[in-house]
1. List every residue pair whose Cβ atoms sit under 7 Å apart, with the two residues 6 or more apart in sequence or on different chains, where the first one lies in segment 72-95 and is under 18 Å from Lys144 (Cα atoms) and the second, anywhere, is of a type in the set (Asp, Glu) and surrounded by 10 or more Cβ atoms within 10 Å (Cβ to Cβ).
2. Output the strands (runs of 3 or more DSSP E) that fall wholly within segment 71-156 and possess 1 or more residues being touching a Lys or Arg at 6+ places or on another chain (Cβ under 6 Å) and either open to solvent by 60 Å² or more (accessible area, probe 1.4 Å) or of a type in the set (D, E, K, R) (or both), or say none.
3. Return yes or no: is Ala160 in a helix (DSSP H, G or I) and either surrounded by 10 or more Cβ atoms within 10 Å (Cβ to Cβ) or basic (Lys, Arg) (or both)?
4. Which residue, of Leu116, Leu109, is without any contact (Cβ under 8 Å) to a residue 24 or more places away in the chain and closer than 24 Å to Trp163 by Cβ?
5. Got a sec? Which of Lys84, Lys79 is among the charged types (D, E, K, R) and within 22 Å of Met135 (Cα to Cα)?
Amino acid sequence: MEIKENGVLAHSTLCRPGTKSALRASRECTMGKKTKKPGKGKEKTEKKMAKAEEKKARRESKKLSPEDDIDAILLSIQKEEAKKKEVHVEDNVPAPSPRSNCTLNINPLKETELILYGGEFYNGTKTFVYGDLYMYDVEKQEWKSISSPNSPPPRSAYQAVAWKNYLYMFGKVMTFA
């Protein structure tokens, strides 16, 4: 069917509703300038942005427990290791108790000091095995007690050598009461 509008030939097609040609015809009619419907696009975008910000704020506010935070775990391990390396020195303590099978070495860093470690004492009924470390300053004639959580277990009848910054111990006798 041909229709003339203002002296111009226009093409029109008769179609049944719901067919492809009807859809095509409806699109052709609206191909011109579209007027936007007053929609809710801006509102939807604002809602989405607000929801995303809330989600981000929840994630940030959700603090990790100390068990889950790897930095906190590493810090606690470092503190525990530092405690193992802590050395406590008590100056001017009384002389150590009588003992046998201990070692007495010259301190290689200071030749006027002696290092005493370990030993045992038998009082007639029970044997006491020591794991304490003492340093004796020959010039001042005073004892120092040195303790550390990482020190070796009590021992007696062993050999020890002081070399550079270390005291090397070899062997150990297990004494039972």
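1. These pairs meet every condition: Asn92/Glu142.
2. Details: elements: 88-93, 103-106, 113-117, 120-122, 127-129, 133-137, 142-147.
Where strands (runs of 3 or more DSSP E) fall fully within segment 71-156 and carry at least 1 residues being touching a Lys or Arg at 6+ places or on another chain (Cβ under 6 Å) and either open to solvent by 60 Å² or more (accessible area, probe 1.4 Å) or of a type in the set (D, E, K, R) (or both), they are 88-93, 120-122.
3. So Ala160 does not fit the description; no.
4. That would be Leu116, the only listed residue that is without any contact (Cβ under 8 Å) to a residue 24 or more places away in the chain and closer than 24 Å to Trp163 by Cβ.
5. That would be Lys84, the only listed residue that is among the charged types (D, E, K, R) and within 22 Å of Met135 (Cα to Cα).
The values are calculated or read from the model by the stated rules, or taken from the named source; none is laboratory data. A quick note: this is a predicted structure, and the numbers were derived from the prediction, not measured. Note that we place each Cβ from the backbone using ideal geometry, even for glycine, and neighbour counts take in every protein chain shown. Side chains are part of the model used for accessible areas, which takes the heavy atoms of the whole protein and leaves out ligands, DNA and RNA. Shrake-Rupley method; radii C 1.70, N 1.55, O 1.52, S 1.80 Å.
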